[in-house]
């Protein structure tokens, strides 16, 4: 449960724990589809890695430990309205949509698809995400609930996504292939920093001098490998192509920079305390013309610009974190047995 909650926060806020389920929410009208999907998949990947670690680290033959391989994770996502009310000194979320998202846990998905690990999105959630679920290989589904009626949904296969995660080739700049490194500390957790660095609208808030960021996503409206960005700066533009996308660990981009040409870099995100250590690695420049440009002034100009951008980003993140409401603490379990989570 701690692994699950750590992966969900701070993109989503904890409302409360409900047995072996965590009820989380985001008080926003607009859903960033990429952030939500990356958070859910990242949580599932962390859960699977945690199961592997437990299996490898224990020789206990108690029933709980023996059944660890049978544990799995499911997510239920809905977009709707809710009210906040205080009951016995605690804040609770209430409303018809809150009831609906709890009803989703009773469904026929396993019987219809044989899936044991999935994310179930209501049609209203998918509409708010503004994605093409078919292009993302989601399956259409429908359930009927008493006093609510028919609810249209889409099923996202997390087992398939885990398999893709294990098989997908990593593309990142290694230390021995690095031309230059720029490092900074930012005052927010990696998921928050990641969103500010990858969402075109948020990039415009800190990339001073950028007129606009035009983004093209190849897979149903979701950012990731294959996404291209055109960062327009006056008459020129930096064209970026995402080569590897590992939320919220690193991403690698091939960029065509005016006055320098094609370059490749990786940006790494590492948790340090309540903040993020950001490391920018530029791939070695092997073209002679590029090296002459780099040593002739391009290096100072480019890294100086990045430094100013990161300073502005730090200011925005400080304000963002200061404005966030505190979340309830996670109760410490009195049981040593692993817990099934949803």
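Each value in this text was obtained by applying a stated rule to the coordinates, not by laboratory testing. Predicted model, so just to flag it, every value in this text is computed and none were measured. Cβ sites come from the backbone with ideal geometry, for glycine too, and all protein chains shown count toward neighbours.
Once the Cα atoms of helix 299-323 and of the chain are each reduced to a long axis, what angle between those two axes, in degrees from 0 to 90 to the nearest 10, is obtained?
The angle comes out near 30 degrees.
Calculate, in nm to one decimal, what residue 64 and residue 150 gain on full extension: separation in residues at 0.36 nm each, minus their alpha carbon distance.
Full extension of this stretch gives 27.2 nm more.
For a label point 7 angstrom out from the Cα of residue 108 toward its Cβ, which stretches of the stretch 142-173 have the backbone nitrogen within less than 14 Å?
In the stretch 142-173, the label zone of residue 108 (backbone N under 14 Å from the point 7 Å along Cα→Cβ) covers 142-146, 150-153.
Using Cα centres only, tell me the gap between the stretch 135-179 and the stretch 1-52 in whole Å.
14
Highest mean first, how do 92-104, 5-17, 162-174 rank when packing is the count of other Cβ atoms within 10 Å averaged over residues?
Ranking, from highest mean packing down: 5-17, 92-104, 162-174.
Full extension from residue 216 to residue 84: what is 0.36 nm times the residue separation minus their Cα-Cα distance, to one decimal in nm?
Once the chain is fully extended between residue 216 and residue 84, it gains 43.8 nm.
Between residue 94 and residue 134, what FRET efficiency comes out of the Förster formula 1/(1 + (r/R0)^6) with R0 = 35 Å and r the beta carbon distance, rounded to 0.05?
0.55
Quick one: helix 158-167 against the long Cα principal axis of the chain, what's the angle to the nearest 10°, folded into 0 to 90?
Tilt of helix 158-167: around 30 degrees.
Which of (1) 21.6; (2) 19.3; (3) 22.2 is the computed Kirkwood radius over Cα pairs in Å for the structure on display?
Correct label is (3).
If you take the Cα Rg of the stretch 2-166 and divide it by 2.2 N^0.38 Å, with N the number of residues, what do you get?
For the stretch 2-166, the normalised Cα radius of gyration is 1.09.
State the Cα centre-to-centre distance between the stretch 198-235 and the stretch 236-259 in whole Å.
Their Cα centres are 10 Å away from one another.
Going by alpha carbons, how many degrees (0 to 90, nearest 10) lie between the helix axis of 33-57 and the longest principal axis of the chain?
Taking the Cα atoms of the chain, the angle to 33-57 is about 70 degrees.
Across every pair of different alpha-carbon atoms, what Kirkwood hydrodynamic radius in Å does the stretch 171-323 reach?
This gives a value of 16.0 Å.
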